[in-house]
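Q: Just passing along the structure, written as structure tokens.
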Amino acid sequence: RAVLRKASALEYKIQRRALRKEDFINYIQYEINLLELIKKRRARIGYSFKKDEIENSILHRVHSLFKRATGKWKEDVQLWLSHVAFCKQWNAKHQLSKVFSSMLALHPNKPALWIMAAKWEMETQLSSESARHLFLRALRFHPECPKLYQEYFRMELMHAEKQRKEKKEFEQAKMDLGEFNYSEEILSGEMARIIYRDAAQKIKGVEFHLAVLSIAKLFDFTQDLQKEILESLQTKYADDPLMWNFMARRELELGSLQSTEHTTKQMKVSEMTQREERCCAVFEEAVRAVPAEDMWKCYITFCLERYNRKTNSEELKQKRLGRTLSVFNKAHESSLLPEALYKQWLQLLLESNLFEKATEVAEAATKRFSLSVEMWQMRLQVLIQLKSDDVTQCFEEAVKHVKSKGTLPLWTLWVEWSEGTNSKEDTEALYQRSLHATTPSESVTMKEKYLDWTYRNGGYKKVKRVFTSLCENRPFSLDFFRKMIQIEKEQESCKMLHLREYYERALREFGSTDSDLWLDYIKEELSHPHGKPENCGSIHWRAMKMLQGDLVEDFVSKYTLLQTGHL
């Protein structure tokens with residue numbers, strides 16, 4: 001009766017004039033949950049009476065609901081995919097075939113759906129012919145889609161492999177192959193070769209060729225096809241860094257053909273060294289053929305990857321380090337080292353205790369990228385780490401070259417360094433200078449740091465004077481005022497008069513956008529020994545007038561909790 005009552009309620013909802021998608025989804029989900037429950041209960045008690053009548057009627061109802069829903073909301077791909085998933089879960093093959101046909105008729109512009117349908121035909125229905133027809137139809141709509149060609153290529157190779165296995169089994173069983181037609185062209189992957197050649201004419205780019213080659217490598221009968229793809233790759237994309245990167249890394253895979261059973265540790269190290277040297281030889285040829293930043297980046301990335309690999313051989317590790325530093329240097333001398341890689345080079349030099357070279361590299365980087373804040377920051381960090389005498393001069397040079405916008409990291413680094421190195425007077429002068437040198441939005445951060453530093457080094461009276469002077473120039477941050485409020489509360493003789501001043505200043509700036517600030521002000525009046533609880537009403541009234549949008553509701557709910565003692 002409960003099931004009937006629930007199903008009836010859901011049925012009434014989908015019979016309305018104004019249909020809602022959520023009603024259909026809820027009904028479908030309820031029926032699916034009911035099916036799962038019946039399945040579990042049957043399994044638990046071992047009861048299979050009237051299985052066809054009960055389950056099949058529910059399955060039929062779910063399919064009907066999906067059909068109505070997808071008919072009404074045709075554009076909702078997720079709804080279609082839910083129907084597909086349901087059909088797969090309950091092995092409704094005949095129904096799924098219809099769903100795929102309807103879905104692809106309405107959404108032919110989505111290659112992923114074509115691939116899904118073809119994959120189902122190939123792997124579940126074991127029909128390579130149907131899968132092939134689907135791919136060919138899909139390519140009429142998407143003649144330049146790389147993913148479609150890749151999956152079609154994979155399907156043909158899978159079909160060829162399947163036929164090769166069947167033929168081998170028949171031959172081992174010494175059965176007559178007269179009635180079976182195994183074409184040598186299909187068995188050798190000729191269909192896949194045709195697909196590749198057709199795709200290569202339409203799709204440009206190394207990525208596609210590499211993707212197809214990686215698929216071909218999965219099958220052991222595609223040596224000739226792999227060779228053709230490689231030749232095409234080298235011919236068409238001789239000036240592409242990705243092609244050279246692939247060809248160089250390929251040398252790592254082409255290991256020794258000798259037996260590895262009785263190899264010693266030294267022999268393994270020697271073999272790995274030879275492989276890496278072959279890779280580097282290809283990369284050296286590549287940077288001569290394609291002298292570009294991207295090519296050097298590929299080479300350096302490879303060297304860093306090899307260097308970062310764990311090895312027990314100190315000799316191999318030193319060779320990798322020397323090779324990596326040498327490549328960095330060559331790229332720098334060619335003026336083709338990308339900006340982002342200078343930082344990695346410096347880290348490597350510092351780790352290797354090559355401090356003098358690190359200083360030279362950092363200086364060269366700032367000369368080449370004189371407008372880059374990151375380069376100057378990196379150079380300064382190196383000088384600070386090495387405790388150089390040229391830090392101040394370098395800071396001056398940096399702020400001279402770099403425009404005021406974006407210089408916040410430099411000023412932050414400068415004042416932090418000065419705090420630990422220079423006198424208080426010099427550091428304070430630097431803070432005041434930074435407020436004028438940075439943009440208004442960046443000066444907000446410097447004001448917070450200046451306030452914090454002043455309190456730590458000058459005490460309460462000094463920080464109060466600094467706060468008053470900083471309040472003369474906008475903009476401010478909420479944390480700037482909260483910091484001053486916190487400093488006041490830390491004093492033994494915390495004055496409510498001062499707290500009111502700070503809260504009022506903060507509310508002038510942020511009273512319309514921060515409800516918590518008003519609540520904190522009210523709490524202060526209630527909890528401070530010299531607070532005036534009678535002021536809370538006027539503060540509440542002002543908050544209701546100033547706050548905007550949903551913040552009013554948020555403030556009212558929190559204020560109610562405060563009154564009841566729950567906040």
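The values are calculated or read from the model by the stated rules, or taken from the named source; none is laboratory data. Worth saying up front: this structure is predicted, and the values here are computed from it rather than measured. Here the Cβ positions follow ideal geometry from the backbone for every residue, glycine too, while neighbour counts run over all protein chains shown. Areas reflect the complete protein model, heavy atoms only, side chains present, ligands, DNA and RNA absent. Shrake-Rupley method; radii C 1.70, N 1.55, O 1.52, S 1.80 Å.
Q: Looking at L126, L157, L210, L113, which is the one that is within 30 Å of W90 (Cβ to Cβ) and either in contact with a Phe, Trp or Tyr (Cβ under 7 Å, 6 or more places away or on another chain) or surrounded by 16 or more Cβ atoms within 10 Å (Cβ to Cβ) (or both)?
A: When all the criteria are applied, what remains is L113.
Q: Then there's this: Given S97, S82, which one is open to solvent by less than 80 Å² (accessible area, probe 1.4 Å), among the small types (G, A, S) and modelled with pLDDT under 95? So that I can check it myself, show each step before the final result.
A: Details: S82 fails: modelled with pLDDT under 95.
From the options S97, S82, the qualifying one is S97.
Q: Among the listed residues S557, S538, which satisfies the condition of being over 23 Å from C471 (Cβ atoms), polar (S, T, N, Q) and at pLDDT 90 or above?
A: S538
Q: Okay, next question. If we keep just the residues of the stretch 465-479 that are out of contact with any Asp or Glu (no Cβ under 7 Å at 6 or more places or on another chain) and open to solvent by 50 Å² or more (accessible area, probe 1.4 Å), which is farthest from D514 (Cα to Cα)?
A: Per the stated criteria, the residue is R465.
Q: If you take the residues in the stretch 402-432 that are in contact with a Leu (Cβ under 7 Å, 6 or more places away or on another chain) and at pLDDT 90 or above, which one is most open to solvent (accessible area, probe 1.4 Å)? Walk me through it before giving the result.
A: Kept after step one, since they are in contact with a Leu (Cβ under 7 Å, 6 or more places away or on another chain), are these residues of the stretch 402-432: 402, 413-415, 418.
Narrowing further to those that are at pLDDT 90 or above: 413-415, 418.
On the way: L413: 29, W414: 8, V415: 0, S418: 0 Å².
This residue is L413.
Q: Somewhere in the stretch 448-455, is a residue farther than 24 Å from W417 by Cα and either without any contact (Cβ under 8 Å) to a residue 40 or more places away in the chain or in contact with a Ser or Thr (Cβ under 6 Å, 6 or more places away or on another chain) (or both)?
A: Checked against the condition, which is being farther than 24 Å from W417 by Cα and either without any contact (Cβ under 8 Å) to a residue 40 or more places away in the chain or in contact with a Ser or Thr (Cβ under 6 Å, 6 or more places away or on another chain) (or both), the stretch 448-455 yields no hits at all.
Listed here are the residues, each with its yes/no results for (1) free of Cβ contacts under 8 Å to residues at least 40 places away in the same chain; (2) more than 41 Å from the chain's Cα centre (by Cα); (3) not assigned by the TED database to the domain that holds M103.
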residue	(1), (2), (3)
T124	yes, no, yes
S128	yes, no, yes
L139	yes, no, yes
P146	no, no, yes
Q150	no, no, yes
E156	yes, no, yes
E166	yes, yes, yes
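Here is a yes/no grid of residues against (1) in a helix (DSSP H, G or I); (2) closer than 30 Å to F153 by Cα; (3) in contact with a His (Cβ under 8 Å, 6 or more places away or on another chain):
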position: I25; (1), (2), (3): yes, no, no
position: Q29; (1), (2), (3): yes, no, no
position: D52; (1), (2), (3): yes, no, no
position: T70; (1), (2), (3): yes, no, yes
position: S82; (1), (2), (3): yes, yes, no
